[in-house]
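Asker: Mind having a look at this structure? Questions to follow.
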Amino acid sequence: MQTYLVGGAVRDQLLNYPVIDRDWVVVGALPDELLAKDYKQVGEDFPVFLHPQTGEEYALARTERKSGSGYKGFEVFTSVDVTLQDDLIRRDLTINAMALDENDQLIDPYNGKKDLNDKILRHISPSFSEDPLRVLRVARFAARYHHLGFSIAPETEELMTQLSGSGELKALTAERVWKETVRALDEKSPQIFFQVLKKCGALTDWFAELDCLWGIPNPEKWHPEIDTGIHTMMVLEQCVLLSNDSATRFAALCHDLGKGATPKEQWPSHRGHEKMGIPLIRQMSKRLKAPTDHIRLAELVSEFHLHLHRIEDLKPKTIVKVLEQTDAFRKPKRFEQFLIACEADFRGRTGFETRDYPQSDLMRKALTACQGISTKAIINEGYTGKQIGEQIHRQRVSVVKHMIFSRFNH
């Protein structure tokens, strides 16, 4: 029985990148041998065991054969005769097919170390095309290592394009697609994930509402970059500089989906796109089975981002309406996410990347001023039932009005 550290842990160790999970392959062993050593079996489709002390995953070396469509359409074969090389060749990329033995000696049968040094994401074999999830995985690795200068090998890009056009991506489960998407949103350059998928035609099945934004123009005065798809990627890039939160980044990604519903004859104007985006966000999110908190934040950013951009022109009662409809008083953390996504939208335009965005601070001051209103004092004045809410609203408008008046007369 021989044990090898494999996959991402080896790759990231060689890159001096943080190693998060360590996976192991066991060659020349039967399940009973691991069970006798107190390993706990967890894999149903193939034998995977948890180490009794570390809890890390140890998988018996295996081969796979395509037997159906989608991510689970494989027959798995394990045996004491399956070699490490047999196990490694079924993996997606050369840089993920390296192993370290028990003496920390590198085993690299498919030249992963060279591709790592050359900063190339390259598939190992034609069997890459058997698993449609790999299109998303490669796009995610491109997003993870973009800042290090990595790019996708042209022949791998070509296979990804063929796989995207085959309809195989439709066979993936929403859970798997969302898992890759949210992991990509957490990477250093999530916009690269979507740009790669766009280039190889992989946005069509799962992100159709996003896919259609490329080629839709915006007014050049406000958007020197013009193209809505490009603008959306710039917004996501700016959001990364402001927040590491996946829900905020998802909201940034979805904020302009409504522009995909603007009739062509109205281009480059997009009147009402804020509310038109809400059903499109719900549609895409339902397909992806995105979490409720991600969806709700995205809806709020879509509906109210222009309100925040124009806060200096808004009436006090409209500012209070934004605070109330975004539920800022009960959910201040989510409101902060909303402000960050709006700031990313403002900066995600050519030439606007480093401009100040005082609108967020002004809205925060309005919220703080309104939070000083005492419900108890209103009740003590004799207001009851529905009157309490009405009086709170009136006082909120009054304090915001005073705040604005003081600001302009300062």
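Asker: Quick one: which strands (runs of 3 or more DSSP E) lie wholly within the stretch 46-135 and hold at least 3 residues that are in contact (Cβ under 8 Å) with a residue 24 or more places away in the chain?
Answerer: The strands (runs of 3 or more DSSP E) meeting that bar are 57-60, 62-66, 74-78.
Asker: What are the pairs with Cβ atoms under 7 angstrom where one residue, in the stretch 187-215, is farther than 18 Å from HIS255 by Cα and the other, located anywhere, is among the basic types (Lys, Arg)? Sequence gap at least six, or different chains.
Answerer: Pairs that qualify, where the first residue is farther than 18 Å from HIS255 by Cα and the partner is among the basic types (Lys, Arg), are GLU187/ARG140; GLU187/ARG144; LYS188/ARG144; ASP205/LYS170.
Asker: Are any residues in the stretch 250-307 under 22 Å from the mean Cα position of the chain (by Cα), of a type outside the set (A, V, I, L, M) and part of a loop (DSSP other than H, G, I, E, B), and if so, which ones?
Answerer: HIS255, ASP256, LYS289, PRO291
Asker: Here is a further query. Would you point out the residue of the stretch 389-410, among those that are modelled with pLDDT of 95 or more, in contact with a helix residue (DSSP H, G or I) (Cβ under 6 Å, 6 or more places away or on another chain) and among the hydrophobic types (A, V, I, L, M, F, W, C), that is surrounded by the most Cβ atoms within 10 Å (Cβ to Cβ)?
Answerer: VAL400
Asker: Search the stretch 130-164 for residues being over 23 Å from the mean Cα position of the chain (by Cα) and under 27 Å from LYS286 (Cα atoms), and hand back the single one that is surrounded by the fewest Cβ atoms within 10 Å (Cβ to Cβ).
Answerer: GLN162
Asker: Can you list the helices (runs of 4 or more DSSP H) lying wholly within the stretch 308-406 that have 2 or more residues being of a type in the set (Phe, Trp, Tyr) and closer than 23 Å to ASN244 by Cα? Working first, answer last.
Answerer: On the way: elements: 316-325, 332-347, 358-371, 375-380.
Because the criterion is at least 2 residues that are of a type in the set (Phe, Trp, Tyr) and closer than 23 Å to ASN244 by Cα, the helices (runs of 4 or more DSSP H) in the stretch 308-406 that meet it are 332-347.
Asker: Oh, and also: Quick check, is ALA139 small (Gly, Ala, Ser), out of contact with any strand residue (DSSP E or B) (no Cβ under 7 Å at 6 or more places or on another chain) and either assigned to a helix (DSSP H, G or I) or free of Cβ contacts under 8 Å to residues at least 60 places away in the same chain (or both)?
Answerer: Against the criterion (small (Gly, Ala, Ser), out of contact with any strand residue (DSSP E or B) (no Cβ under 7 Å at 6 or more places or on another chain) and either assigned to a helix (DSSP H, G or I) or free of Cβ contacts under 8 Å to residues at least 60 places away in the same chain (or both)), ALA139 qualifies.
Asker: So, in the stretch 1-38, exactly how many residues are out of contact with any helix residue (DSSP H, G or I) (no Cβ under 9 Å at 6 or more places or on another chain) and assigned to a loop (DSSP other than H, G, I, E, B)?
Answerer: So the answer is 6.
The values are calculated or read from the model by the stated rules, or taken from the named source; none is laboratory data. Predicted model only: the values in this text are computed from it and were never measured. Because the Cβ atoms are built from the backbone with ideal geometry, glycine has one as well, and the counts that use them run over all protein chains shown.
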